[in-house]
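The values are calculated or read from the model by the stated rules, or taken from the named source; none is laboratory data. The structure presented is a predicted model; accordingly, all values stated were derived computationally and were not measured. For neighbour counting, all protein chains shown are included, and Cβ atoms are generated from backbone atoms with ideal geometry for every residue, glycine included.
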Amino acid sequence: MRKLVVLALTFMLVVFSSLVPVVSAAAESDIEMMKNSSVRVLITQGGRLMAKGSGFVIDDGKHIVTNYHVIEAVEKKGAQAWVALGRGRDMLRALEIRATSQANDIAVLSVDQKLAKPSVKLVHRDDIKAAETVIAVGFPGTSDQVDEDWLNAPATPTPGQVVQKLRLGGGAHMIQVTADINPGNSGGPIFNSRGHVIGMSTLKGRSSSLNYAVDADEILEVIKRTNAVAEIAPPVGSTSGSKDAPPVTETKPVAPPPPPEPFYQNPMVIGGAVVVLILLGIVGFMMSRKKSSPPPQMQMPLPQQQIPQGPPPAAPKPTVAAAVRHSTVTGVSGFFAGKTIEIQAGRPLIIGRDPQQAQLVFPADMNEISRVHCLVTFDAASQTFTVEDRSTNGTFFVNGQKIGGQARLRSGERFYLSDPAHLFELRAD
């Protein structure tokens with residue numbers, strides 16, 4: 001009987017494992033294409049690294065797209081932007097800004113030498129569907145910190161799904177995705193399952209599984225202000241794409257190859273499944289015929305009851321106060337109204353517009369909020385909060401008095417950022 005079970009399992013492994021290499025090879029080729037079309041962006045000034053992020057290739061390797069906040073120092077401080085193809089000065093390619101949108105956090109740059117990398121195809125907003133599979137590709141800073149040879153490290157793919165399409169604060173059209181976006185991923189492409197770009201990693205959400213990407217139509221609007229050519233992915237069911245420029249020549253359509261036969265219609269697979277079912281049926285029949293006697297009942301000796309002697313134990317002393325289990329910041333009004341985020345023990349909660357530093361991230365176009373506006377920490381010993389202002393427009397008590405430097409607040413007290421419209425409440429319970 002054991003031989004029959006082994007035979008059945010072996011047959012199943014032989015039949016179905018033959019299907020895995022084909023599926024894996026196709027998936028791996030798509031992932032490699034996504035990684036190869038992504039680039040690492042470095043910002044330097046005076047030989048010092050100021051910022052780094054990700055980007056992706058368009059226009060046959062002559063232009064790249066990334067976030068504006070990645071290259072902001074180039075426009076405002078005269079820094080230099082590079083594409084890093086590996087370690088060493090000869091692996092750097094200089095970038096020059098061609099068009100930007102600070103409000104939508106988009107930048108298009110030209111490359112001084114054409115990159116030998118595949119260009120991506122962009123997907124129109126109407127072709128993006130909720131719950132479809134996506135892959136965020138980029139160069140997260142966490143990987144750089146553990147890899148000494150990080151300049152030679154390949155791009156990292158992170159899978160997820162589309163949650164919804166939305167507009168943040170009436171600004172750019174965004175896509176909310178579950179793919180994790182970390183510092184260093186900014187400017188990296190978000191691919192769909194067909195290997196086409198639906199958007200660009202832009203904002204890290206309050207949860208690691210809810211992040212934001214500016215959609216491809218917003219990117220196309222900025223590309224149109226340059227001489228770059230962006231290729232548009234065909235809609236689902238179509239056989240050809242289009243470019244954001246007049247076509248030069250007309251090519252004859254090539255008939256697509258016939259679709260592969262589904263594995264469940266393969267006669268070999270069907271026959272193998274039938275054999276496996278027959279073998280399993282025989283095994284089950286033989287096992288049902290085998291009589292089994294009930295296990296002998298064992299009498300367990302009863303434990304002797306211990307009779308307590310002496311006075312009863314003293315009752316436990318009542319505790320004075322329960323320890324604080326949660327310290328939180330809740331939005332009372334404004335962009336985060338009704339949202340609550342927990343302050344982790346020993347770590348400040350950073351509020352601002354910079355997704356690479358802040359945990360509570362405001363949209364990029366809310367200029368009244370600084371990139372790092374304030375820090376909130378909780379002291380369990382005194383059960384008080386410390387609010388540290390680091391902004392341009394100020395952080396205020398609810399009575400309108402400006403917080404100069406740092407201030408201590410108790411549970412239930414409120415403060416606001418720049419304007420009473422951005423009001424928050426502190427809680428410890």
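Picking from 172, 99, 116, which residue would you name as being surrounded by fewer than 20 Cβ atoms within 10 Å (Cβ to Cβ), touching a residue at least 12 places away in the same chain (Cβ under 8 Å), within 26 Å of residue 354 (Cβ to Cβ) and touching a helix residue (DSSP H, G or I) at 6+ places or on another chain (Cβ under 7 Å)? Before the answer, list the steps.
Values: 172 fails: surrounded by fewer than 20 Cβ atoms within 10 Å (Cβ to Cβ); 116 fails: within 26 Å of residue 354 (Cβ to Cβ).
On inspection, the qualifying residue turns out to be 99.
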Within segment 208-256, take every residue that is among the acidic types (Asp, Glu) and modelled with pLDDT of 65 or more and give me the one that is surrounded by the most Cβ atoms within 10 Å (Cβ to Cβ).
215
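Out of 84, 79, I need the residue that is among the aliphatic types (A, V, I, L, M), within 27 Å of the chain's Cα centre (by Cα) and at pLDDT 90 or above. Which one?
On the way: 79 fails: within 27 Å of the chain's Cα centre (by Cα).
The unique qualifying residue is 84.
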Take residue 352 and decide whether it is crowded, with 21+ Cβ neighbours inside 10 Å and in contact with a Lys or Arg (Cβ under 6 Å, 6 or more places away or on another chain).
yes
Could you please let me know if residue 386 is part of a strand (DSSP E or B), surrounded by fewer than 19 Cβ atoms within 10 Å (Cβ to Cβ) and not aromatic (Phe, Trp, Tyr)?
yes
Just to be sure I understand, how many residues within segment 49-96 are assigned to a strand (DSSP E or B) and aromatic (Phe, Trp, Tyr)?
2
Some residue of segment 161-172 being of a type outside the set (S, T, N, Q), modelled with pLDDT under 95 and over 18 Å from residue 216 (Cβ atoms):
yes
Select from segment 392-401 the residues that are surrounded by fewer than 19 Cβ atoms within 10 Å (Cβ to Cβ) and at pLDDT 90 or above and list them in ascending order.
392, 393, 394
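Residues in segment 131-152: is at least one assigned to a helix (DSSP H, G or I), charged (D, E, K, R) and touching a Pro at 6+ places or on another chain (Cβ under 6 Å)?
Just the residues of segment 131-152 that are assigned to a helix (DSSP H, G or I), to begin with: 141-146, 150-152.
With the extra rule that they be charged (D, E, K, R), the set shrinks to 144.
Next cut, touching a Pro at 6+ places or on another chain (Cβ under 6 Å) only: none.
No: segment 131-152 contains no residue that is assigned to a helix (DSSP H, G or I), charged (D, E, K, R) and touching a Pro at 6+ places or on another chain (Cβ under 6 Å).
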Among the residues of segment 361-378, is there at least one that is surrounded by fewer than 17 Cβ atoms within 10 Å (Cβ to Cβ) and not in a loop (DSSP other than H, G, I, E, B)?
no
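Just to check your reading of the model, which residue among 327, 391 is more than 30 Å from residue 106 (Cα to Cα) and either among the hydrophobic types (A, V, I, L, M, F, W, C) or under 32 Å from the mean Cα position of the chain (by Cα) (or both)?
Working: 391 fails: more than 30 Å from residue 106 (Cα to Cα).
So the residue among 327, 391 that is more than 30 Å from residue 106 (Cα to Cα) and either among the hydrophobic types (A, V, I, L, M, F, W, C) or under 32 Å from the mean Cα position of the chain (by Cα) (or both) is 327.
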What residue, among those in segment 175-184 that are in contact with a Lys or Arg (Cβ under 9 Å, 6 or more places away or on another chain) and modelled with pLDDT of 90 or more, is surrounded by the most Cβ atoms within 10 Å (Cβ to Cβ)?
175
